[in-house]
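J.: Below you'll find the structure I mean.
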Amino acid sequence: MLNLFGRPSGPMCDGVSRRQFLRVGSLGMLSLPQLLRAQESSPAGQSSSHKAVINIFLGGGPPHQDMWDIKEDAPAEIRGEFKSIATRVDGIRIGECFPRIAQIMNKCAIIRSVVGCSGDHDGFQCMTGWHRNELRDLGGRPSMGAVLSKLQGPVDRGVPPFVGLSGPTSHRPWSESGPAGFLGPGFNPFKPDGPGMANLTLNGVSIEQLDDRRQLLKGLDTLKREIDQSGMLEGMDAFTERALGVLTSSKLLDALDLSKEPASVRDRYGDGKPYQFQYDGAPTVNDQLLVARRLVEAGVRCVTLSYGRWDSHGANFDLVRDHGAKLDQCFSALIEDLDQRGMLDDVTVIAWGEFGRTPRINPSAGRDHWPTVSSAILAGGGIRGGQVVGATNRLGEHASQRPVHMQEIFSTLYHNVGIDPGSVTISDPTGRPQFLVDHREPIQELV
């Protein structure tokens with residue numbers, strides 16, 4: 001957990017409390033050096049421009065037949081309460097809760113036939129493309145953000161290439177930001193989580209204290225002696241200095257500071273409040289989509305976040321009216337914002353969940369888990385928008401045309417950032433090369 005503030009718990013020799021220092025360490029001194037050391041060995045180094053992915057996880061399993069795949073001809077116990085609306089693209093209709101997305105449908109692509117879902121109630125598959133048990137004895141499969149960190153490294157040395165914005169949820173798997181897996185902790189996401197990003201405020205620790213490397217290292221001497229007798233931290237000061245660069249980087253901190261955006265832009269995205277139907281999941285964090293755009297501008301290659309709690313066993317239609325309207329606002333704002341800034345061709349945006357929901361409505365006006373088929377919406381990254389890929393049968397039970405495996409979507413995402421999933425491998429801890437996905441062909445309709 002990243003936290004840069006806290007009450008003192010006994011001062012160290014430089015006046016900074018050990019608790020404060022350890023909390024700073026959790027963000028930079030102990031985890032960021034691992035990130036930076038890993039990035040140092042990545043082949044790409046620094047570059048002036050980059051491709052990126054913003055991965056919006058709709059945790060809980062969004063109902064495909066109430067969003068992008070309305071079944072108006074189905075019986076009432078299947079059809080539900082929503083009607084479809086026309087979009088800017090002739091012949092494509094989507095759910096009535098998404099009028100703004102309908103107006104930018106020419107820039108978006110909908111996949112109505114996503115298959116391969118494991119049925120697990122978490123974000124692992126939407127972050128990695130793999131089932132959680134794959135290569136578990138070696139540490140597990142790495143997420144796309146970790147892979148990009150490994151293969152492409154940082155765009156800017158003061159900005160982590162992989163940022164996970166998902167805050168903690170009571171059902172913890174819904175806050176999955178994307179594991180490093182067998183690549184090791186050096187490729188875990190940078191997580192500036194906390195209310196309003198407030199834990200990046202250096203309360204009680206001045207920039208001057210952080211910038212004074214010698215003073216900090218002096219304060220660390222006792223801590224080093226206490227926790228390390230094996231030389232594990234030997235040579236770490238160079239990476240610590242780099243970590244301080246990240247902590248004090250105006251580029252990173254500015255990206256996380258939404259007060260630097262005009263009020264008109266913030267209003268366009270909205271804040272997703274009041275939070276409804278959250279329970280044990282994520283809130284509707286509209287403002288995090290704006291943070292994601294700012295982070296990509298600053299140099300981040302992959303941003304992940306968890307949006308809403310879509311596990312609609314009851315009151316499904318009330319939930320979709322609330323979550324859907326808010327997602328409609330921020331998703332459309334993000335796509336238009338990226339387009340206006342000339343970034344849309346370089347940044348792929350995807351919103352999807354871990355599975356779909358049952359065609360038949362239950363007695364609580366809800367829909368239950370349905371891993372047989374689900375859906376996704378994508379935009380940007382050079383994909384051909386204005387189309388629907390795949391279809392389900394009349395009741396929305398299964399893919400009737402062009403099933404699209406989750407890994408094909410990852411192949412497309414990798415393709416969009418310039419990585420060939422058909423040839424590129426990464427080595428596992430045994431030295432064996434591992435392909436990024438088994439389904440290595442991108443979705444040809446999109447690329």
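Read the figures in this text as sums done on the coordinates, not as results from a lab. Bear in mind the structure is a predicted one, so any value in this text is a computation, not a measurement. Positions of Cβ are generated from backbone atoms using ideal geometry, with glycine treated the same way; all protein chains shown enter the neighbour counts.
J.: Counting other beta carbons within 10 Å of each residue's own, what order do MET67, MET144 fall into, fewest first?
T.: Fewest-to-most ranking of MET67, MET144: MET144, MET67.
J.: Something else: For the stretch 151-165 and the stretch 91-133, compute the distance between their C-alpha centroids and round to whole Å.
T.: The stretch 151-165 and the stretch 91-133 have Cα centres spaced 26 Å from each other.
J.: Let me ask something else. Between VAL115 and ASP254, what length in nm is gained on full extension when 0.36 nm per residue of separation is reduced by their alpha carbon distance?
T.: The span from VAL115 to ASP254 would gain 46.1 nm if fully extended.
J.: Test of understanding: ordering GLU96, GLU176, GLU354, GLU441 by Cβ neighbours within 10 Å, fewest first, what list do you get?
T.: Lowest count first: GLU441, GLU96, GLU176, GLU354.
J.: Let me make sure I get this right: for the stretch 311-447, a, b and c are the square roots of the gyration tensor eigenvalues over alpha carbons, sorted descending. Under 1.5 in a/c it's rounded, otherwise prolate if a/b > b/c, else oblate. Which is it?
T.: Note, shape of the stretch 311-447 comes out oblate.
J.: Does the stretch 60-189 classify as rounded, prolate or oblate by the C-alpha gyration tensor (a ≥ b ≥ c root eigenvalues; a/c under 1.5 gives rounded; else a/b over b/c gives prolate, otherwise oblate)?
T.: Prolate shape, in that a/c is at least 1.5 and a/b is the bigger ratio.
J.: Suppose a student asked you for the relative contact order of the stretch 342-447, using Cα pairs under 8 Å spaced at least 6 residues apart; what percent would you report?
T.: 23
J.: Any of LYS51/LYS191; LYS71/LYS107; LYS83/LYS191; LYS191/LYS326; LYS83/LYS260; LYS107/LYS326 with alpha carbons more than 28 Å apart? Name them for me.
T.: Check vs 28 Å cut-off fails for LYS83/LYS191; LYS83/LYS260.
J.: Would you mind computing, in nm to one decimal, how far apart the modelled labels at ASP345 and ASP368 are, each placed 7 Å from Cα along Cα→Cβ?
T.: Roughly 4.9 nm, to one decimal.
J.: Let me ask something else about it. Through the Karplus equation 6.51 cos²θ - 1.76 cosθ + 1.60, θ set to phi - 60°, convert the phi angles of the stretch 124-133 into ³J(HN,Hα) values in whole Hz; use x for Gly and Pro.
T.: Listing the rounded values in order: 4, 5, 6, 9, 10, x, 10, 5, 4, 7 Hz.
J.: Rounded, prolate or oblate, given the Cα gyration tensor of the stretch 382-440, with a/c below 1.5 counting as rounded?
T.: Note, shape of the stretch 382-440 comes out oblate.
J.: Let me ask you something else. Kindly provide the pair-distance distribution of the stretch 153-194 built from C-alpha pairs, with 10 Å bins from 0 and whole-percent values in order of increasing distance.
T.: Final binned percentages: 28, 49, 21, 2.
J.: Once phi is turned into ³J(HN,Hα) by the Karplus curve 6.51 cos²θ - 1.76 cosθ + 1.60 with θ = phi - 60°, what whole-Hz value does each residue of the stretch 262-278 show in order, with x for glycine and proline?
T.: With the stated coefficients, the stretch 262-278 comes to x, 4, 5, 6, 4, 5, 5, 6, x, 10, x, 9, x, 6, 10, 6, 6 Hz.
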